[in-house]
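Participant: Sharing a structure with you now.
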Amino acid sequence: MYLLASVGGVFFSFGLFLAIKEMWLFHRVKTLNSEQKKANITQLLYKVGLARGILIDKYAITKTGSRWDGFKSFTVIGKVKESDGVYSFLLQPNDQQILASFFPGQHVMVQADIEGQCQTISRAYSLSDSPEKLEHYRITVKKQLAPSRKPDVPSGIMSTYLVDQVEVGQQLKLSAPSGHFCLNVNQHHPLVLIAGGIGITPFISMINAVINANSERTIWLFYSTQTPHTRVMFEHLQHSCKRYKNLHVVMCYSAATSKWLDENEQQPTDSRLSSHSGRITLALLKQYLPSNEGEFFVCGTKQMMAQMQENLLLWQVNQENIHFEVVHLTAGTLRKTIQTSVTTENSIICCARSGKSLKWHDSDEGTSILSLAEFNGIFIRNSCRSGECGMCRTKIKSGEVLHLVANEETMKVKGTCLPCVAVPNSQEVTLDI
C-alpha cells in the first residue's frame, strides 16, 4: 500500500514537473515572439536554449548541429554552373561536424581575404537548399558586373572572386545562418513568392523545405528574369512541379517578347508551369492568384521592392503578411518605400576623417554608402552588411541618409546611420569616416 502510494507520488511529481516546464517554455516562446523585432530571431532563440525545440516543433526540422560565434572554416566540395555568371557552391565544414540548421530563406556571411583588397571582405548570401541537408551548406552566387552605362563602376568584389577564382578544394569562412527573411514551414495558408533575378535563391530553400515537410500548402512562384538563358535552377523547378502538385510557377521574361518566346521557347507541358513576356505586374498577380490572402515574400532589386510594395498595398494585402529582402544587401523587412525625398544623382558624400569626397550614382544597383567607401579605400568596420549587427554605425555630421532596409533597432540612435544599408537623402552628406 505504502509502496503504491510512493510510486504514485513520484509519477505525480514528475508529471507536475513536466507541466511546469511546458508552461515555462510556452511563456518564453511568447516572450520571444514579442522580442523578435528587436534581435535576430535565430541568435535570440539559441541564447535561451530553445532553438532546437522550436526548429523541430514549429519548422519541421528534425536535426540541428551547434551554432558558432564569428566565422568557421569550410572547404568548397562542389561548384555547379547554374547559368551565365551564376554558380552554386557546396561548402563543407572542416571540422566535419553536423551543421546548425536554419530557417528557410536565411543567409550566411562569407568571408575571404582577396588579393588587392585592404581588408578582409565579407558578404551575405542566401542558403539555396532546404535545412535538412546539414552535412554541407549551399549558396548560389551571381557575378555582379558593372552597369553597361557606367563601365567605370566596380564589379562585385566578392561575387567576382567566388565565380572567377574559387574552385573545389579551396577554403572559405562562413558565419552561422541568420536573418529575418524566413519561412514558417508549418503554416497552411497560401504562399506567394515573387523573385527578381538572383532573388530566386532563398525561394529555392523555401520550396524545398515545404516539399520535404510533406505539406499540402499551395505555393505560387512568380519568377522574373531577362530571358530563358538567364534563369537559375529552372530544371529543378520543373522537377519540383512534377513532384509537388500544389506548386505553381509563373516565369516572366523581361527582355523577351511574346513572339520570341513562341518561336524559341518550348512551351511547358505542365499546366502549373507557364511563361509570359514582360515583368511581374499587379494585373499578372490578379490573373493567377484566386485572392489577396496568403503570405507574400518578395526578393529582388530595390526598384522591384518599391514597385511590389506599392502594388500589394493597392491590392489591400495585409501588410503583416508582406516580407521583403533586397538582393545584394541581404537584409530584413523593408522599412520605407525606397524613394529618396530629393534627387540624389551625383550627390556628394564627404568623409570627414579621410578627407575624401565621394560621388554617388542612384543607378548603381545594390550600392550602399559602405560599398562605395570600400571601393575608394575607406575602411568602415562591419560584419553583417544587412543592418542587423550595428557594427558599422557612423555619426552623421551633416545632411540626411535613408536606410533601405532595417530592423527595429536601426533608427534608435539619432544622428547616426548604418552605412551598409544607407544611401544619401540630400545633395551632400558628411559622415565621420
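The values are calculated or read from the model by the stated rules, or taken from the named source; none is laboratory data. Predicted model only: the values in this text are computed from it and were never measured. Neighbour counts run over all protein chains shown; Cβ positions are idealised from the backbone, glycine included. These area figures cover heavy atoms from the full protein model, side chains too; ligands, DNA and RNA do not enter into them. Shrake-Rupley method; radii C 1.70, N 1.55, O 1.52, S 1.80 Å.
Participant: With bins 10 Å wide starting at 0, give me the P(r) of the range 216-326 over every alpha carbon pair, in whole percents.
Facilitator: Percent of Cα pairs in each bin: 13, 44, 35, 8, 0.
Participant: Sticking with this structure for a sec: Please give the solvent-accessible surface of His248 in Å², to the nearest 10, using a probe radius of 1.4 Å with every protein chain present.
Facilitator: 40
Participant: Excluding ligands, DNA and RNA, what is the solvent-accessible area per residue of the range 98-144 at a probe of 1.4 Å, expressed in Å²?
Facilitator: 32
Participant: Here's another thing I want to ask about it. Give the long-range amide H neighbours of Gly399: residues separated by 5 or more places, or on another chain, with amide H under 5 Å away, using H modelled in the peptide plane at 1.01 Å from N.
Facilitator: Thr430
Participant: Let me ask another. Restricting things to Cα coordinates, could you compute the convex hull volume per residue of the range 84-216 in Å³?
Facilitator: 132
Participant: How far, in nm, would the chain grow between Lys259 and Lys356 when pulled straight, counting 0.36 nm per residue and subtracting the alpha carbon separation?
Facilitator: 29.8 nm
Participant: Roughly how much of Cys392 is accessible, in Å² to the nearest 10, using a 1.4 Å probe?
Facilitator: 10
Participant: How far is it, in nm, from the label point at Arg279 to the one at Glu115 when both lie 7 Å from their Cα along the line to the Cβ?
Facilitator: Going by the 7 Å Cα→Cβ label model, 4.0 nm.
Participant: I'd like to compare 195-202, 116-123: which one has the highest average count of other Cβ atoms within 10 Å, and what's the full order after that?
Facilitator: 195-202, 116-123
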